[in-house]
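Colleague: Before anything else, here's the structure in question.
A short reminder: the numbers here are calculations on the coordinates, not readings from a lab. Quick caveat, the model's predicted, so the values are computed rather than measured. Cβ placement follows ideal geometry from the backbone for every residue including glycine, while neighbour counts extend to all protein chains displayed.
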Amino acid sequence: MTTATIKRQNRIKRDRVFPIVNTCILILLCFITLYPVINTVAYSFNDGMDALRGGIGLWPRKFSTEAYTSILKDPATYKAFGISVSKAVLTTLLNLFWTSMLSYALSRKEYVLRKFITIIMVLTMYVNAGLIPNYLLVGKFLGLRNTYWVYIIPAMFSCFNMIVIRTYIGGLPDALVESAKIDGAGDLRAFFQIILPLCLPVLATVALFVAVGAWNSWFDTYLYNGSKKDLYSLQYLLKMKLATTQNQANAAQSSADALASQASSRVAPITVRAAITVVSAVPILVIYPFLQKYFVTGMALGSVKG
């Protein structure tokens, strides 16, 4: 057997081994990634008192929907869900609109103040006045405390998102806008009819950032609308339910009557926490597959151009 034949056989063996090893590693990584999610779902569908024993893996040991019932039976949950959905949708749309328009203006080389304005805005990412000045500005000076608009107005613009979109626009050919202006189009028409359609990948990426942040936000409710139950977001309401369940469990440890009451209940903080995690994550998990293609493209292009 010649040396060339031996090398060819060894190369064939390596070519066969690599896909097998690669597949095994990917399966292992997939399992490591999915196990916490599946385990959380299993806990959420498990009986509360049984879950306190621990040891639940990928499937509920004693199936129960009491954790979800305790969350969904309250009419306030659905009102808070509507608040969170409207907050996420309006914040995303307005943020994309204002941020993309400013990004386009700052990407034009003929705009003489673009460097100065960009520096001023970037400085706000490094120098933050803090929580108290922010509360005084939003709650007192702007008068947004105990109003729905406290969720929308402060989140209508993001400097980081502006940089991402501006970098993407900077990678587009200048001839597109120049040809539009030769044909008589102004900046607004060039932006809405030419630039904006080409920015769908990066806009989808930014939309996902903004929507996830708005959906998961609860501290704004705690800070500005904590005394206004009609304006509770879903995340804040679920946090309050978890705190109530935890307090009941703590009381059960110090009272014989409360202990008997807790023993007869099928709800425990560990299952409520898991159910809250699932309820909060489902909307984002439903939306993400539709944006995944644009998300990957936008991240790749927006990171290397400019």
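Colleague: Taking amide H positions as placed 1.01 Å from N in the peptide plane, with prolines and chain starts having none, which residues 5 or more places from residue 46, or on another chain, fall under 5 Å of its amide H?
Modeller: The answer is 64.
Colleague: How much FRET efficiency would the formula 1/(1 + (r/R0)^6) give for residue 105 and residue 149, where r is the Cβ-Cβ distance and R0 is 35 Å, rounded to 0.05? Please list the in-between numbers first.
Modeller: Numbers: r = 25 Å, r/R0 = 0.72.
Efficiency at R0 = 35 Å is approximately 0.90.
Colleague: Okay, next question. Taking 0.36 nm per intervening residue step and subtracting the Cα-Cα distance, what contour gain separates residue 85 from residue 16 on full extension?
Modeller: Working: separation 69, 0.36 × 69 = 24.84 nm, distance 4.96 nm.
Full-extension gain reported as 19.9 nm.
Colleague: How much length is gained if the chain between residue 198 and residue 25 is pulled fully straight, taking 0.36 nm per residue apart and subtracting their Cα-Cα distance, in nm to one decimal? Could the numbers behind the result be given before it?
Modeller: Details: separation 173, 0.36 × 173 = 62.28 nm, distance 3.75 nm.
Stretched fully, the residue 198-residue 25 segment lengthens by 58.5 nm.
Colleague: Cβ neighbours within 10 Å, averaged per peptide: list 184-194, 150-160 in order, most packed at the top.
Modeller: Details: 184-194: 13.8, 150-160: 17.8.
Descending packing order for the listed peptides: 150-160, 184-194.
Colleague: Would you mind giving the three semi-axes, in whole Å and largest first, of the ellipsoid equivalent to the stretch 67-306 according to its Cα gyration tensor? Before the final figure, lay out each step's value.
Modeller: Numbers: eigenvalues 392, 82, 41 Å².
Each semi-axis is the square root of five times an eigenvalue, giving 44, 20, 14 Å.
Colleague: Arrange the peptides 196-203, 129-136 so that the one whose residues have, on average, the most other Cβ atoms within 10 Å appears first. Don't skip to the end; give the middle numbers.
Modeller: Values: 196-203: 18.4, 129-136: 10.6.
My ranking of the peptides, most packed first, is 196-203, 129-136.
Colleague: Each residue of the stretch 90-95 in order: what ³J(HN,Hα) in whole Hz does its phi give by Karplus 6.51 cos²θ - 1.76 cosθ + 1.60, θ = phi - 60°, with x for Gly and Pro?
Modeller: These are the phi-based 3J(HN,Hα) values: 5, 4, 5, 5, 5, 5 Hz.
Colleague: Where does each of 164, 212, 127 land when they are ranked from fewest to most other beta-carbon atoms within 10 angstrom?
Modeller: On the way: 164 23, 212 16, 127 7.
Taking fewest neighbouring Cβ atoms as first place, the list is 127, 212, 164.
Colleague: Where does each of 122, 286, 177 land when they are ranked from fewest to most other beta-carbon atoms within 10 angstrom? Display every interim value, and only then the final one.
Modeller: Details: 122 14, 286 9, 177 20.
Going from sparsest to densest Cβ surroundings: 286, 122, 177.
Colleague: Once fully extended, how much extra length lies between residue 212 and residue 281, figured as 0.36 nm per residue of separation less the alpha-carbon to alpha-carbon distance?
Modeller: Values: separation 69, 0.36 × 69 = 24.84 nm, distance 0.95 nm.
Stretched out fully, the residue 212 to residue 281 stretch lengthens by 23.9 nm.
Colleague: Mean separation of Cα pairs under 8 Å and 6+ residues apart, divided by the residue count of the stretch 67-306: what relative contact order is that in percent?
Modeller: 33 percent
Colleague: State the percent of C-alpha pairs, over all pairs in the stretch 49-127, separated by a distance greater than 22 angstrom.
Modeller: On the way: 1895 of 3081 pairs.
Pairs farther apart than 22 Å: 62 percent.
Colleague: Just list whichever of 62/239; 73/228; 109/140; 73/140; 87/241 have alpha carbons separated by over 29 Å in the model shown. List each step's numbers first, then the result.
Modeller: Working: 62/239 25 Å; 73/228 21 Å; 109/140 39 Å; 73/140 36 Å; 87/241 21 Å.
Beyond 29 Å: 109/140; 73/140.
Colleague: Taking only C-alpha pairs under 8 Å that are 6+ residues apart, what is the relative contact order of the stretch 173-254 in percent?
Modeller: Working: 23 pairs, mean separation 13.1, N = 82.
For the stretch 173-254, the relative contact order is 16 percent.
Colleague: Then there's this: According to a simple spin-label model (label point 7 Å from Cα along Cα-to-Cβ), what is the distance in nm between residue 116 and residue 62?
Modeller: 7.1 nm
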